[in-house]
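> Shown below is the structure under consideration.
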Amino acid sequence: MISRKIFLIKSIISIAALTVIGKAMGKTVKAGSTIKSLKARTALVVWYSQTGHTERVGKAVAAAWKKAGLKVDYGDYRDIDKNSLSKYDIIAAGSPVYYYEVPENFSEWLSAIPYINGKPVAAYVTFGGEGGNQFNTACELANLLADKGGVPLGTAEFSCMSAYAFTWSSGNVDRILKYSDRPNKNTYKAAGDFAIKMLANVEQGNTADISGNFDLRNVIKGSPSILISKLLITGHKVNTDKCISCGKCERACTVNAINSAKGTVDTGKCIVCLGCINNCPTGAVEMKFLGKQVYGYREFLKKNNIIRVEPEV
Ligand SMILES: Cc1cc2nc3c(=O)[nH]c(=O)nc-3n(C[C@H](O)[C@H](O)[C@H](O)COP(=O)(O)O)c2cc1C
């Protein structure tokens, strides 16, 4: 007969395994909700972008919708009034993939928007060149909009250069350089095609099933991965001798962790988005990763003569 102790251990293991499998599975939104209006005249493209890739792709989406005759507003979520979303006939939301998921500052914002029942919504992500849970992240973004009553039309993922500064700062430059030209003209063309396809879906009343894949990265996405990165960082601060008080690091920081005047960073609040180090024009934001000095996106572009192609809007 199975002893009580073994029964308990087996039960705990089963529950833990089910929890892991449950987390690793992506959530599913079934097509079927009805789009309120099949004629789109106004559109919003809203994104979160730290180094500009998601913004550029968003502008390419906006440009395609403008060309198709829609009146389009677009911008970073921090400049968009949450209460304005329900006035648009179609909405696209774009996010970078950070730590295998939609960055928590953007998902929090989307969770706090008023209901947009029956509004057709499209979701896109930009990601760091090679697979980093981009498909599941795009599904997660669509789900956040569906949770608010949005009707998903589809998702897209755009491969870009990774802005994860720890990779090149640790010497792994080639992996990043492989994708250094992205987003490029092809990316903007693909973004435009995506925008037109989403518009056609509205006119035909086509909604999409959004279901993520089984992926173990879903288990470690977000907080566990951020925590691991945090443990490997030392000396995160602003060097006040180099700082020119431009405020770019403070604006990039979505959790108000930086006081550039004092040169301090509240590492408890920090979510390791690297917005500070990636946007500082003078290299005044300092940190070490595994004991190596980290340098940001702007410096990486300069060092490797990388010039970004801008989309036309
Ligand atoms: C803090 C951080 C975490 C990242 N995590 C991932 C990831 O988990 N998977 C991935 O494919 N790319 C990852 N990337 C790369 C970004 O998704 C990619 O560079 C994106 O295009 C940046 O968009 P943005 O310029 O709009 O901020 C990460 C980049 C940063 C800065």
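Please treat every number below as a calculation from the coordinates, not as lab data. Since the structure is predicted, the reported quantities are computational estimates derived from the model, not experimental observations. Ideal geometry is used to build each Cβ from the backbone, glycine not excepted, and the neighbour counts take in all protein chains shown.
> More than 35 Å apart: what percent of Cα pairs in the chain qualify?
Working: 12213 of 48828 pairs.
The calculated P(r) of the chain puts 25 percent of pairs beyond 35 Å.
> Starting from the amide H of His236, placed 1.01 Å from N in the peptide plane, find each other amide H under 5 Å away whose residue is 5 or more places distant or on another chain.
For His236, whose amide H was placed from the backbone, the distant partners under 5 Å are Lys288.
> Also, quick follow-up: Which whole-Hz couplings ³J(HN,Hα) result when phi for each residue of the range 300-312 is put into the Karplus expression 6.51 cos²θ - 1.76 cosθ + 1.60, θ = phi - 60°, listed in order with x for Gly and Pro?
For the range 300-312, the Karplus-derived couplings read 4, 4, 4, 4, 10, 6, 9, 10, 7, 8, 8, x, 8 Hz, x marking Gly and Pro.
> Same structure again: What ranking do Trp168, Trp47 get, fewest neighbouring Cβ atoms within 10 angstrom at the top?
Ranking Trp168, Trp47 by Cβ neighbours within 10 Å, fewest first, gives Trp168, Trp47.
> Also, quick follow-up: Relative to the compact-globule scaling 2.2 N^0.38 Å, provide the ratio for the alpha-carbon radius of gyration of the range 28-214. Let's see the in-between values first.
Working: Rg = 15.8 Å, N = 187, 2.2 N^0.38 = 16.1 Å.
With N residues counted in the range 28-214, Rg over 2.2 N^0.38 Å equals 0.98.
> Would you order Ser162, Ser229, Ser260, Ser49 from fewest to most other beta-carbon atoms within 10 Å of each residue's own beta-carbon? Each step should come with its number before you reach the end.
Working: Ser162 27, Ser229 17, Ser260 23, Ser49 20.
Ascending number of Cβ neighbours within 10 Å: Ser229, Ser49, Ser260, Ser162.
> Let me ask something else. Output ³J(HN,Hα) for the range 255-271: one whole-Hz value per residue in order, computed from phi by the Karplus curve 6.51 cos²θ - 1.76 cosθ + 1.60 with θ = phi - 60°, and x for Gly and Pro.
These are the phi-based 3J(HN,Hα) values: 10, 6, 9, 10, 10, 5, 5, 8, x, 9, 10, 7, 6, x, 6, 4, 10 Hz.
> Hey, what did the chain get for relative contact order, percent, Cα under 8 Å, at least 6 apart?
Details: 623 pairs, mean separation 65.8, N = 313.
With pairs under 8 Å counted, the relative contact order is 21 percent.
> In what sequence do Thr54, Thr137 fall when counting other Cβ within 10 Å, fewest first?
Numbers: Thr54 26, Thr137 30.
Fewest-to-most ranking of Thr54, Thr137: Thr54, Thr137.
> Would you kindly calculate the translational diffusion coefficient of the range 232-303, applying Stokes-Einstein with the Kirkwood radius from alpha carbon pairs, for 25 °C and a viscosity of 0.890 mPa s, and quote it in µm² s⁻¹ without decimals? If you can, show how the numbers build up before the last one.
Numbers: Rh = 12.0 Å.
Taking Rh from Cα pairs, D becomes 205 µm²/s.
> Give the shape of the range 51-119 as rounded, prolate or oblate, defined through the alpha-carbon gyration tensor: a ≥ b ≥ c are the square roots of its eigenvalues, a/c under 1.5 means rounded, and otherwise the shape is prolate if a/b is larger than b/c and oblate if not. Each step should come with its number before you reach the end.
Values: a/c = 2.11, a/b = 1.16, b/c = 1.82.
Oblate, since a/c reaches 1.5 and b/c is not below a/b.
> Another one. What list of ³J(HN,Hα) values in whole Hz, one per residue of the range 201-210 in order, does the Karplus curve 6.51 cos²θ - 1.76 cosθ + 1.60 (θ = phi - 60°) give from phi, with Gly and Pro shown as x?
Couplings: 4, 5, 4, 8, x, 7, 10, 10, 6, 10 Hz.
> In percent, what relative contact order does the range 28-214 have, based on Cα pairs under 8 Å that are 6 or more apart in sequence?
Details: 400 pairs, mean separation 53.6, N = 187.
RCO, the range 28-214: 29 percent.
> Moving to a separate point now. Which chymotrypsin sites (Phe, Trp or Tyr not before Pro) in the range 181-269 sit in a loop by DSSP (not H, G, I, E or B) and have at most 12 other Cβ atoms within 10 Å of their own Cβ? It would help to have the intermediate numbers written out before the result.
On the way: sites: Tyr188, Phe194, Phe214; in loops: Phe214.
Sites meeting the loop and neighbour criteria: Phe214.
> Quick query: amide H of Ala156 versus all other amide H atoms, modeled in the peptide plane; which residues come in under 5 Å with a sequence gap of 5 or more or a different chain?
Answer set, sorted by chain and number: Ala123, Tyr124, Val125.
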